[in-house]
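Chemist: Before I ask anything, let me first share the structure, which is written out below as structure tokens.
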Amino acid sequence: MSDINRRKFLEGSASVAAAAGIGGGAAVFAPNVFAQNLQLKPEKGAKLRVLRWSRFVQGDIDQYMKNVQAFTAKTGIEVRVDNEGWEDVRPKAAVAANTGAGPDIILSTNDDANLYPDKLLDMTDVAEYLGKKYGGWYPAVQQYLKPDGKRWIGLGLGAAGAMMVYRQSMLKAAGIDAFPKTTADFLKMGQALHAKGTPMGFALGNATGDGLWCNWLIWSHGGKLVDEQNRVVINSPETMRALEYGKQLYATFVPGTLSWLDPNNNKAFLDGQVSVTNNGISIYYAAKNSQDPKIKEMVADIHHAPYPVGPVGQPTESHLFFNQMVMKYTKYPQAAKEFLRFMMEKEQFEPWLNAAGGYIAPPLAEYEKAPVWTSDPKHTPYRDAVKNMRPTGYAGKLGYASAGAGADFIVVNMVAEAISGSKTPQEAMERAQKRAERYYKV
């Protein structure tokens, strides 16, 4: 966690402690006593419809549906769950928000909630209850879903941590004994792997999750889309250095990455086409659960590592954040809130984390203690993804502009154009600058 994020988290924890100490007698209480003060009364005859992204690991959806069934058994509230790909959830959520009709609850990605905050139900009561009960929300969650510092427009679900996934045997064959910790050594590794015929591969299409490595590329060299005042600053010497580095890196990639979406690098890795990619733990999970003997053999060879640190000298992680939004048009707001509260309680949430096999990094501090993070050492690198991540709108304030720019894949497109040679780095930066300025209304 960066010093800034650590300070914010500690300040948040301190404010909770201070609040607990106000008044006398019963006002001083253990964190979970606050739970008794949250009274949600679902509407009679309530029925809920949930739209969520499709699973990448089977354990996720299996346990999620068990929890849904447990909620229905407890409350009598029928819940319908629809699953769509990440790329499909975003436009469907936008249509629902703008037309005022559709699912009651939507599980979406990154800062989608900031595209239509006025169309979302205020979730402050549930968010504060969960935060006080489970050790506090990590700073990035608050940046995404409490953008004005006061009102929660949704609840954090976690993040699909994007770590480096690699074949240890291929690295050793190329003379690499340990996964590199710096961008300079990372490039050298890529060149060595390419020379051995075992190249790397990273998505350069409009991939909602795996395209986020482009944020790391820019941030690691000091570039950023906007500064703290929301001024667009992507056309900069720092971004130029990142893109020049990226051109060298792209030369080590397997062909075809310009069209890769989120499933492509999984397939390429498991097919043995690439030795290194960025991904959630789903590749490892798929290998462990495969019935194909050749893929099963890969399990021991698959390892995970954090992104290398660039010239800025500190980690610059970007992960696919998951939010939970209740649409303001719902006929059953209390039932919807109760559903999300139930799903986030330890009795349901921790088994879900465990069943997902490390695919979801937790948004609340308490859940970093879940058994899944230590049951297999290869899970551990994914545990702190939400704790350490920067929001996609870094370093500005999240809102309509950041959400729109992210949904438009401005950074990903710039990187793809510049490092593939379809545009010069300067042309790609200038185009990204103009595109971003439309959102930030310069």
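The values are calculated or read from the model by the stated rules, or taken from the named source; none is laboratory data. Fair warning: this is a prediction, and the values are worked out from it, not measured in the lab. When we count neighbours, we look across all protein chains shown, and the Cβ atoms used for this are built from the backbone with ideal geometry, even at glycine. Areas reflect the complete protein model, heavy atoms only, side chains present, ligands, DNA and RNA absent. Shrake-Rupley method; radii C 1.70, N 1.55, O 1.52, S 1.80 Å.
Chemist: Can you tell me the convex hull volume per residue for segment 102-194, based on C-alpha atoms, in Å³ to the nearest whole number?
Modeler: In segment 102-194, the Cα convex hull volume per residue is 180 Å³.
Chemist: Give the lysines reachable from K423 as a straight Cα distance under 22 Å; neighbours fewer than 8 places away on the same chain don't count.
Modeler: K224, K247, K434
Chemist: Would you please give the FRET efficiency between A101 and A195, computed as 1/(1 + (r/R0)^6) with r the Cβ-Cβ distance and R0 = 41 Å, to the nearest 0.05?
Modeler: After rounding to 0.05, the efficiency reads 0.15.
Chemist: Same structure, new question: How many nm separate the modelled label positions at E87 and K441, each set 7 Å beyond the Cα in the direction of the Cβ?
Modeler: That separation, rounded to one decimal, is 3.1 nm.
Chemist: Could you put Y439, Y359, Y250 in order of accessible surface area, largest first, with the 1.4 Å probe and the full protein assembly present?
Modeler: My answer, sorted largest first, is Y439, Y250, Y359.
Chemist: So, with a 1.4 angstrom probe, what is the percent of accessible area on the chain that is carbon and sulfur?
Modeler: 52 percent
Chemist: Would you please classify the overall shape of segment 272-353 from the alpha carbon gyration tensor, given that a ≥ b ≥ c denote the square roots of the eigenvalues, rounded means a/c under 1.5, and beyond that prolate means a/b larger than b/c while oblate covers the rest?
Modeler: Taking the square roots of the gyration eigenvalues as a ≥ b ≥ c, segment 272-353 is oblate.
Chemist: Would you calculate the convex hull of the Cα atoms in segment 136-285 and tell me its volume per residue in Å³?
Modeler: 141 Å³
Chemist: Give the Rg (one decimal place) followed by the Dmax (whole number) of the chain, computed from C-alpha coordinates and expressed in Å.
Modeler: Rg and Dmax of the chain, Cα atoms, are 21.8, 71 Å.
Chemist: Next question. Kindly express, to the nearest 10 degrees and within the range 0 to 90, the angle between helix 237-250's C-alpha long axis and the longest C-alpha principal axis of the chain.
Modeler: Relative to the chain, helix 237-250 is tipped by roughly 70 degrees.
Chemist: Could I have the simple spin-label model distance between K74 and E427, label points 7 Å from Cα toward Cβ, reported in nm to one decimal?
Modeler: 5.8 nm
Chemist: Relative contact order for the chain using alpha-carbon pairs under 8 Å, separation at least 6, rounded to a whole percent?
Modeler: Across the chain, relative contact order equals 26 percent.
Chemist: While we're here: Would you mind classifying segment 141-220 by shape? Square roots of the alpha carbon gyration tensor eigenvalues, ordered a ≥ b ≥ c; an a/c under 1.5 is rounded, otherwise it is prolate if a/b is larger than b/c and oblate if not.
Modeler: Judged from the Cα gyration tensor, segment 141-220 comes out prolate (a/c at least 1.5, a/b above b/c).
Chemist: Separate question: Once you've got the GNM for the chain with C-alpha springs shorter than 10 Å, pick whichever of K337, K423, K294 has the biggest mean-square fluctuation.
Modeler: So, out of K337, K423, K294, the one fluctuating most is K294.
Chemist: A further question follows. With every atom except the alpha carbons ignored, what do you get for Rg and Dmax of segment 197-264, in angstroms?
Modeler: 13.2, 46
Chemist: What nm value, rounded to one decimal, do you get for the distance between E297 and D227 when each label is placed 7 Å out toward the C-beta?
Modeler: With each label point 7 Å from Cα toward Cβ, the separation is 5.6 nm.
Chemist: Continuing with the same structure: Gaussian network model of the chain, Cα springs within a sub-10 Å range: biggest mean-square fluctuation belongs to which of G197, G154, G357?
Modeler: Highest fluctuation of the listed residues: G197.
Chemist: Right, here's the next one. Taking every alpha carbon pair in segment 128-173, what does the distance histogram look like in 10 angstrom bins from 0, in percent?
Modeler: So the P(r) values, bin by bin, are 22, 37, 15, 14, 12, 1.
Chemist: Let me ask something else. Rounded, prolate or oblate: which fits segment 341-394, taking a ≥ b ≥ c as square roots of the Cα gyration tensor eigenvalues, rounded meaning a/c under 1.5, else prolate when a/b beats b/c?
Modeler: Cα axes put segment 341-394 in the oblate bin.
Chemist: Also, quick follow-up: Helix-only mean residue ellipticity at 222 nm, the chain, DSSP H runs n ≥ 4 weighted -39,500 (n - 2.57), per residue, nearest 500. What is it?
Modeler: My calculation for the chain gives -13000 deg cm²/dmol from helical runs alone.
Chemist: So how tilted is helix 58-75 from the main axis of the chain? Cα-based, degrees 0 to 90, rounded to 10.
Modeler: It works out to around 10 degrees.
Chemist: Cα axis of helix 3-21 to longest principal axis of the chain: angle in degrees, 0 to 90, nearest 10?
Modeler: 10 degrees
Chemist: Put R90, R383 in order of accessible area, largest first, 1.4 Å probe: what do you get?
Modeler: Sorted descending by solvent-accessible area, the residues read R383, R90.
Chemist: Here's something else I'd like to know. Based on alpha-carbon atoms only, what is the radius of gyration of segment 318-413 relative to the globular estimate 2.2 N^0.38 Å?
Modeler: The value comes to 1.29.
Chemist: Looking at the calculated P(r) for segment 221-305, what percent of the C-alpha pair distances fall above 22 Å?
Modeler: 47 percent
Chemist: A further question on this structure: Using only the heavy atoms of the protein chains and a 1.4 Å probe, how would V309, V226 rank by accessible area, largest first?
Modeler: V309, V226
Chemist: Taking the Cα atoms of segment 37-167, report the difference between the largest and smallest coordinate on each principal axis, in whole Å and largest first.
Modeler: Cα spread of segment 37-167 along its principal axes, largest to smallest: 53, 34, 34 Å.
Chemist: May I ask you to give the solvent-accessible area per residue for the chain, in square angstrom, as obtained with a 1.4 angstrom probe?
Modeler: 40 Å²
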